1. Here is a check on your reading of the model: is Met248 open to solvent by 40 Å² or more (accessible area, probe 1.4 Å), of a type outside the set (Ser, Thr, Tyr) and modelled with pLDDT under 80?
2. Is it the case, given these coordinates, that Arg180 is under 30 Å from Thr126 (Cβ atoms) and open to solvent by 80 Å² or more (accessible area, probe 1.4 Å)?
3. So which helices (runs of 4 or more DSSP H) are wholly in the range 141-235 and hold at least 2 residues that are of a type in the set (Asp, Glu)?
4. Given the condition open to solvent by 60 Å² or more (accessible area, probe 1.4 Å), modelled with pLDDT of 85 or more and in contact with a Leu (Cβ under 9 Å, 6 or more places away or on another chain), answer yes or no: does some residue in the range 222-245 qualify?
5. Which of the residues spanning the range 52-99 are farther than 25 Å from Met264 by Cα, surrounded by fewer than 21 Cβ atoms within 10 Å (Cβ to Cβ) and not hydrophobic (A, V, I, L, M, F, W, C)?
6. May I ask you to list the residues in the range 135-164 that are of a type outside the set (Val, Ile, Thr), open to solvent by less than 30 Å² (accessible area, probe 1.4 Å) and modelled with pLDDT of 90 or more?
7. Could you count how many residues in the range 60-115 are more than 23 Å from the chain's Cα centre (by Cα), part of a helix (DSSP H, G or I), more than 30 Å from Met248 (Cα to Cα) and of a type in the set (A, V, I, L, M)?
Amino acid sequence: MTVLVPALGGALMVIGIIGLIAGIQKTPVKPAAPRSNTRFALPRLSRRTQLLLAAGLTLGVVVALVSGWLLGLVLVPAATVGLPVLLSAGEETSRIRRLEAMEEWIRSLSGVLTAGVGLEQALIATLRSTPEAIKPEVSRLAARLRARWSTESALRQLADDLDDATGDLIAANLILAARRRGPGLAAVLDSLAESVAADVRSRRQVEADRAKPRATARWVTIITIAVLGVLGFTGNYVEPYATPVGQMILALLLAGYVGLLVWMKRMAAGKPLPRFIGTTARAEAAR
């Protein structure tokens, strides 16, 4: 019974750590799915997460059998799934790729407009050369224009699909062009592309600076795990942690370390600029 107490305590701590990891990951709000006859639905895990979880469970069983630490049954799978999330670059890299895609798209749009094509036809024509990072959003824009949506409504919906302040700026310029129908839009888009390119360069520099402490934390974590593994199987240094009280103390120490990693990741996370077009902007303005 005394052995199960630290295992239960460690399991509760690991559940709390997983909750922290899930809390720092931003997920888009999805519309409610239609109700089914199933009363309980398990969350869907990606293929990579499933493989990591299976490997972690297998390794946790091995550690528990070899060392006698029941805490390994929950700590090893949690570390296998959680550490890659805590020590990764997060969403900033994908956000930079999307900004680069927006820059490339508006340059392509500017080139098509220079040939004398109308705005709606130019937006549809750029679909073939649209970068993959924003191709779903531009595809939906082209589909709405083909479905006879008004150009302004379709562009406002594009801003909501992109969900980015830069996307709002692009949509705003295109909406003004759709209202005025005057010359000069290609030059405006070229200037906007230069501005986005400068933003991408600055963000890459900031991300490179953030990557240095992240790499340090990654190596410290790897070295710590390696040292603990060697000491756990070759010496008596960690023997006190094999007791119920020792496993409780070990769980507290590991939880504190994970808490520091979570804190570091939150500090390094960039705050997105506020939007000014679309439903998100209206919701923020209503607060």
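1. Numbers: open to solvent by 40 Å² or more (accessible area, probe 1.4 Å): yes; of a type outside the set (Ser, Thr, Tyr): yes; modelled with pLDDT under 80: no.
So Met248 fails the test.
2. For Arg180, the condition - under 30 Å from Thr126 (Cβ atoms) and open to solvent by 80 Å² or more (accessible area, probe 1.4 Å) - is met.
3. Counting at least 2 such residues, we get 151-162, 185-234.
4. no
5. Thr58, Ser67, Gly68
6. Once the filter is applied, which keeps residues that are of a type outside the set (Val, Ile, Thr), open to solvent by less than 30 Å² (accessible area, probe 1.4 Å) and modelled with pLDDT of 90 or more, the range 135-164 yields Glu137, Leu141, Ala142, Leu145, Ala154, Leu155, Leu158, Ala159, Leu162.
7. Total satisfying the criteria: 4.
The values are calculated or read from the model by the stated rules, or taken from the named source; none is laboratory data. Keep in mind the model is a prediction, meaning the values are calculated, not measured. All Cβ positions, glycine included, derive from the backbone under ideal geometry; neighbour counts span all protein chains shown. All accessible areas refer to the heavy atoms of the entire protein, side chains included, with ligands and DNA or RNA removed. Shrake-Rupley method; radii C 1.70, N 1.55, O 1.52, S 1.80 Å.
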